[in-house]
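The values are calculated or read from the model by the stated rules, or taken from the named source; none is laboratory data. All values reported here derive from a predicted model rather than from experimental measurement. Here Cβ is always computed from backbone atoms with ideal geometry, including for glycine, and neighbour counts include all displayed protein chains.
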Amino acid sequence: MLSTGDILTHIFHITVFTLANAAFVYAVYYRLKLASKGQKVDNLAPIEARLRSFLLNVLFQKKLFKHPMRGLMHAFIFYGFVIYGVHTTSQMVAGNGWSFFKAAGMNPYEFWIPEFTYLGLNLTEGQALLAVAGVIALMALTFVAYFNLKIGKGFSAQKSAGAQWAFLLLLLAEFGAGFAIIIGSGAFIYEAVVQNFSLLVLTGLGYFAYRRWIRRAKGLDIPSAQSAIVILMIGTLMVSTLIGSAAQVSLNAGAHASWVNNVVLKLLGLLGMDSTVEAEAVRNFSWWVHIMTVYIFMIYVPNSKHGHLIFAPINFFMIKDQPVGTMNYIDLESETAVWGAGNVTELPWTSMVDGLSCIECGRCTVECPANRTGKPLDPKKIMVDLKHAMLDHSSTIMNHNAEEGPAPSPVIGDPYITDEELWACTSCAACVEACPVGNNQLEAILEMRRNLVLAESRMPQELQNAFVNMENNSNPWGVGAHTRADWADGLGVKTLEEDPNVDVLYWTGCAASFDDRNKSIARSFVKVMQAANVNFGILGTEEGCTGDSARRGGNEYLYQMLAQTNVETLNRYNVKKIVTACPHCFNTLKNEYPQFGGNFDVQHHSDFIEDLINDGKIEMDEKAVEEMQNRRGTYHDSCYLGRYNDVYEQPRNTIRAALGMDIAEASDHHKTSLCCGAGGAQMWMEEQYERVNNKRTQQLIDTGADTIATACPFCMIMISDGVKNTELQDVKVLDIAELVAASMKGGTGPISGGFASKEAASAEH
């Protein structure tokens, strides 16, 4: 028969359990309801792509492992929580089933785990741990194989839906095998695994505490009360489990004790626990500390930055069916069109979930080129301000009539996001790439820029001048449009007006048409195509600015005017294939013109030239290549080519062919490459504080290279200016087309200069 104390204890636990779960559910529901008040999103990816994203990034922690040590420590905590999910659930069951267990003669304080033996496993603790370790090692090898697997030219397993699903199914099978070993080996084995994972979780907590409060890693808020609270709570969960389990083993006369239990028992003995009564008291106290910490954690987490535990999985599942950086379409003729985001609810609802998902780890801030050069932009702050604005205006948002338009919930201006922050962005997407919880900081920034320009007419004067130039002359330089094809004089290049029957349209772009340095690149690329007998033509004066700078600068109206004109021209000539040397044109033509009926096969010239070389249409001159080997090369990744379109190896392969050697990589390269500073319409604005191009140029020079290769006209201008500022006469900045034109048979011949040897280059720098 239950005592009055037992009944009161049971009632207390049921009450706390109910209140904690109700508070948790309500907090999550309320925040998702707030987020749903944002703008509708019509372009979510197909369900299979979203499932892949969820499994890769949530269950298998893909983005976190970009930094191996941090990824490993987070994996300790994450998978520890997966194990603890079963463990804590068992304790809740025990607590809520108090009367049943008492009546059945069972101890409700025991960490109740059913005795699963369906696998017929009879493993010792050591054997079970070894088996689990083997499964973990197999999963690690699967990851390594997947992310390095190349099958034929230009094919990566990561780009194949079939390969991705096969990869995920294999990982899920391995994950399931590991968990089956744990559970199927019996309750005591499960308990042993829980104890070992407790130590791993504590290791992870210690590492992150060290990074925050001792190492004081850049991007982290120091001090952080929220982080301290969460680390304390998780640490309490682990320690209470270790102590409670050890005390239970003591009550069971040492039966099924793991090595961790034995170590903890010795420590408890040193602290004075030497009787059954004391062991029972320690066990009971640990159980209550553990379960009450769980309930406090449930109440606290949704209301803190650690809400990412709930909202980040939603983030990864609700991915859009568009490449990184692609801007949303606005129907400017619609009466209900939202012209950018001045209010929180004018953002896509997925951006509002971004704010809730932000863990404030600062990885985006660390990678941001604007922040790295002293500018006021902090992508982490953008996300935090967005969340605070949403919560601060929550009552207005929830009570607002949606038929009256977006709810008044200002996010631009004091105390939230300033104009200066928004105009500092280079749109490089480094923040998006770095974010471990799948946030798209760039989308929010560009939507707010749209509001500043379209709704408020607030923009830097220099940018306004560029807009006027684009409107009047269809180029931001402001040079007369009638001179657009002058660069091709004497090259025998035909226009589509003269002969529309071409295989390839060479989209020259504004930079190569009007900037003297980039004109020579266009001429080099033409020579490469002519050497390969490519049947190509240009639009000449019929070509207009693609409008990239207008769109990233917030002027959606101007962009759409330019885009629609170009699409009409291209469709009139029935253009199928386009090649361009400008990544900004490439990205706009390929990823954003389909919004206006412009569906073309678009290829960047780095990819196009690599194809010509691989197909034997361009051959290198051995003597020229040998002379070019006196040069030491490095390559600068264009943001719009790399992070936006995943073009990394093609330019490098082309450079290797032209120079006859491998290239030196800068400290930041591939997906972590530092922006040149020209994107996001920054090319046309005055830059304050340290110049991004100078910082990037120094990184490239620090490789010891005397030849900096680029594949973007904006990058060419910015890096060339950076080299001029260093006053290094021997360093040349060359486009990949110029390198190939210099090394190919019948080409322009080797480029003069260069260090005598790699050793000399290294010594000089």
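Do you know which of the residues in the range 534-554 that are in contact with a Leu (Cβ under 9 Å, 6 or more places away or on another chain) and among the β-branched types (Val, Ile, Thr) is farthest from residue 449 (Cα to Cα)?
Only one residue tops the list, namely 534.
Can you work out which of the residues in the range 362-385 that are over 27 Å from residue 397 (Cβ atoms) and among the hydrophobic types (A, V, I, L, M, F, W, C) is farthest from the chain's Cα centre (by Cα)?
Of everything passing the filter in the range 362-385, 370 is farthest from the chain's Cα centre (by Cα).
Among the residues of the range 323-379, what is the count of those that are under 21 Å from residue 227 (Cβ atoms), touching a Leu at 6+ places or on another chain (Cβ under 7 Å), among the small types (Gly, Ala, Ser) and part of a helix (DSSP H, G or I)?
1
So, in the range 465-489, exactly how many residues are assigned to a helix (DSSP H, G or I) and surrounded by fewer than 15 Cβ atoms within 10 Å (Cβ to Cβ)?
The qualifying residues number 6.
Being closer than 29 Å to residue 423 by Cα, in contact with a Leu (Cβ under 7 Å, 6 or more places away or on another chain) and of a type in the set (S, T, N, Q) narrows it down to one of 564, 560, so name that one.
None of the others qualify; the one that does is 560.
In the range 675-694, how many residues are in contact with a Gly (Cβ under 6 Å, 6 or more places away or on another chain) and of a type in the set (D, E, K, R)?
Qualifying residue count, the range 675-694: 1.
Six or more apart or on different chains, Cβ under 7 Å: which pairs go from a residue in the range 652-678 that's within 22 Å of residue 623 (Cα to Cα) to one that's in a helix (DSSP H, G or I) and of a type in the set (Asp, Glu)? Could you list them?
Pairs that qualify, where the first residue is within 22 Å of residue 623 (Cα to Cα) and the partner is in a helix (DSSP H, G or I) and of a type in the set (Asp, Glu), are 653/610; 654/610; 660/626.
So, residue 419, is that one in contact with a Leu (Cβ under 7 Å, 6 or more places away or on another chain), free of Cβ contacts under 8 Å to residues at least 60 places away in the same chain and not assigned by TED's automatic domain parsing to the domain that holds residue 676 or not?
Taking the combined requirement at face value, the residue satisfies it.
Of all the residues that make up the range 41-84, how many are among the aliphatic types (A, V, I, L, M), buried (at least 19 other Cβ atoms within 10 Å of the Cβ) and more than 15 Å from residue 208 (Cβ to Cβ)?
Adding up the residues that qualify gives 4.
Residues of the range 543-576 being surrounded by fewer than 24 Cβ atoms within 10 Å (Cβ to Cβ), within 21 Å of residue 682 (Cα to Cα) and of a type in the set (S, T, N, Q), which ones?
Passing the criteria: only 560.
Kindly provide the set of residues from the range 507-527 that are surrounded by fewer than 24 Cβ atoms within 10 Å (Cβ to Cβ) and either in contact (Cβ under 8 Å) with a residue 24 or more places away in the chain or of a type in the set (Val, Ile, Thr) (or both), ordered by number.
514, 515, 517, 519, 520, 523, 524, 526, 527 - these are the residues of the range 507-527 that are surrounded by fewer than 24 Cβ atoms within 10 Å (Cβ to Cβ) and either in contact (Cβ under 8 Å) with a residue 24 or more places away in the chain or of a type in the set (Val, Ile, Thr) (or both).
Which numbered condition trips up residue 554, out of (1) over 27 Å from the mean Cα position of the chain (by Cα); (2) part of a loop (DSSP other than H, G, I, E, B)?
Unmet condition: (1).
Of all the residues that make up the range 269-286, how many are of a type outside the set (Ser, Thr, Tyr) and not in a helix (DSSP H, G or I)?
Result for the range 269-286: 4.
Every residue, every condition in (1) over 21 Å from residue 173 (Cα atoms); (2) touching an Asp or Glu at 6+ places or on another chain (Cβ under 7 Å); (3) hydrophobic (A, V, I, L, M, F, W, C); (4) modelled with pLDDT under 85, yes or no:
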residue	(1), (2), (3), (4)
3	yes, no, no, yes
25	yes, no, yes, no
69	yes, no, yes, no
78	no, no, yes, no
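Those residues that are in a loop (DSSP other than H, G, I, E, B) and over 23 Å from residue 654 (Cα atoms), I need them from the range 726-736; list them, please.
727, 728, 729
From 426, 396, grab the single residue that is modelled with pLDDT of 95 or more, within 25 Å of residue 555 (Cβ to Cβ) and hydroxyl-bearing (Ser, Thr, Tyr).
Matching residue, one of 426, 396: 426.
How many residues are farther than 14 Å from residue 673 by Cα, touching a Gly at 6+ places or on another chain (Cβ under 9 Å), of a type in the set (S, T, N, Q) and assigned to a helix (DSSP H, G or I) when one looks only at the range 695-725?
Residues that pass the stated criteria total 0.
Just to be sure, is residue 621 in contact (Cβ under 8 Å) with a residue 24 or more places away in the chain, surrounded by fewer than 22 Cβ atoms within 10 Å (Cβ to Cβ), under 28 Å from residue 556 (Cβ atoms) and charged (D, E, K, R)?
no
What residue, among those in the range 669-713 that are in contact with a Pro (Cβ under 8 Å, 6 or more places away or on another chain) and closer than 15 Å to residue 735 by Cα, is surrounded by the fewest Cβ atoms within 10 Å (Cβ to Cβ)?
709
Here are the criteria: (1) surrounded by 18 or more Cβ atoms within 10 Å (Cβ to Cβ); (2) assigned to a helix (DSSP H, G or I). Tell me which single one residue 666 does not satisfy.
(2)
Being within 27 Å of residue 319 (Cβ to Cβ), crowded, with 17+ Cβ neighbours inside 10 Å, free of Cβ contacts under 8 Å to residues at least 60 places away in the same chain and more than 18 Å from the chain's Cα centre (by Cα) narrows it down to one of 389, 407, so name that one.
Every option except 389 fails the conditions.
Name the pairs: first residue in the range 244-258 and farther than 17 Å from residue 125 by Cβ, second residue in a helix (DSSP H, G or I) and of a type in the set (Val, Ile, Thr), Cβ to Cβ under 6 Å, at least 6 apart or on different chains?
That search, which allows pairs on different chains as well, returns 247/282.
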